[in-house]
Structure formats: C-alpha cells, structure tokens
Amino acid sequence: SVSGNPLTGTVMIIDLDENVEIAPKVINEEGYFEFDLIKDRKYQVYIFGNSFLTIKKEIELVSDTTFNILTENFNRSNKPIVFESLKFSSNSYKLKKSIKPKLDYLVRFLELYPQFDLVVEGHTDSDGDPNYNMQLSQQRAEIIADYIMGAGSFDEDRVTAQGFCDSRPVVPNDTKDNKEKNRRVEFKLILN
C-alpha cells in the first residue's frame with residue numbers, strides 16, 4: 001500500500017473446521033496466490049513476508065473467493081506490529097488455560113519464521129501502588145516469555161519481556177471494563 005508494488009512472501013491457510021494446516025504457497029511475482037479449498041468451510045489465511053506481515057484474515061468459503069490485501073511496508077514504518085493481546089485478572093500474573101493455545105501458536109510461528117523476534121509487553125490498570133504495578137507488569141510479561149522459551153527451540157535473545165505498569169493504557173482507566181482491557185500483555189513482532 002506504500003510502494004504500490006505487489007506483495008511477495010508466503011501464504012499459509014488453516015482449515016478451521018478440521019483444524020488442519022494446508023501446505024503453504026509462495027506468492028508469485030505479480031502478487032497473486034491461489035488455493036483449491038473445500039466449499040462451505042471456514043479458513044484462516046496467514047500472509048508472511050520479509051518487509052511486511054499481515055497476521056491473519058478469516059474467510060468463509062461459499063463460492064470462488066477473491067480478496068485484496070493491502071499492508072504497510074514493515075521496514076518503512078520501522079514500528080513493531082502488535083500481534084496479539086492477552087488479558088489478566090486483577091492483581092494477577094497467573095496464566096489462564098485459555099491462553100496456552102495462543103502461546104503455542106507463537107512458539108510455532110517463531111520456529112517457522114526465524115527472521116522475527118518477539119517482544120512481550122506487560123501492562124496493568126491504574127489501581128494500586130505504582131511500584132507494585134511495575135513489578136506486576138514485568139511478571140506478566142516474564143511468565144509468558146518463559147512459557148514461550150520453555151516450549152520453543154530457538155535462541156533466548158529472540159524473546160524479551162518488558163513491563164510498562166499503567167503508562168500505556170489502551171483506554172482510560174475510568175471504568176471496570178476499561179481497567180480490564182488495560183490489564184494485558186501485548187506481543188510485538190520485530191523484523192530481525
């Protein structure tokens with residue numbers, strides 16, 4: 001979308017109904033790719049490249065489907081891409097069981113794509129002592145980074161953890177729901 005040039009990279013598709021990964025394909029020089037899929041199924045499309053990353057697009061295949069994807073050039077913006085955000089209970093850094101499949105996906109992603117590093121950022125709401133919240137935000141980031149490193153087989157310096165306390169809220173800390181949104185860990189992918 002910045003250069004007007006076709007995307008180049010790799011496309012991976014997951015059949016969400018069968019939970020099966022379909023063999024990835026390389027995008028051709030004109031920016032096109034094509035898969036033969038089964039009608040009336042849901043799919044998750046992942047597109048990866050050296051200078052961009054579009055994380056995912058979900059489609060429901062009801063007939064022949066064509067779609068366009070625009071992405072910002074990764075190197076041009078020089079900003080990390082927020083990949084996912086996981087929420088925590090108040091005053092807690094305990095991993096919920098529902099989080100683990102997402103973390104396992106991140107492990108597989110880092111193993112498949114060694115050109116990316118991962119930054120795990122912990123955040124809190126504004127309630128409580130700022131020093132305690134800084135420690136809590138760091139613990140949230142570290143427990144997830146430790147899980148990813150323990151489950152993966154890649155260099156330790158590819159995953160870093162950093163706590164930010166309540167210094168980067170996504171919404172104002174003025175309601176219970178908003179505070180819950182701010183108690184989170186974000187993942188940022190950095191092109192190495």
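If you plug the beta carbon distance of residue 102 and residue 180 into 1/(1 + (r/R0)^6) with R0 = 22 Å, you get a FRET efficiency near 0.80.
Annotation: amide H of residue 165 within the under-5 Å range of 124, 137, 138, sequence separation 5 or more or interchain, hydrogens built in the peptide plane.
Fully extended, how many nm does the chain gain between residue 167 and residue 63 (0.36 nm per residue separation, minus their Cα-Cα distance)?
On the way: separation 104, 0.36 × 104 = 37.44 nm, distance 4.69 nm.
Full extension of this stretch gives 32.7 nm more.
Accessible surface of residue 143, taken over heavy atoms with a 1.4 Å probe and every protein chain present, rounds to 50 Å². With the simple spin-label model, which puts each label point 7 Å out from Cα in the Cβ direction, the residue 111 to residue 190 separation comes to 2.4 nm.
The values are calculated or read from the model by the stated rules, or taken from the named source; none is laboratory data. All values reported here derive from a predicted model rather than from experimental measurement. Note that each Cβ is placed from the backbone with ideal geometry, even for glycine, and that neighbours are counted across all protein chains shown. We work out accessible area using only protein heavy atoms, side chains counted, and drop any ligands, DNA or RNA first. Shrake-Rupley method; radii C 1.70, N 1.55, O 1.52, S 1.80 Å.
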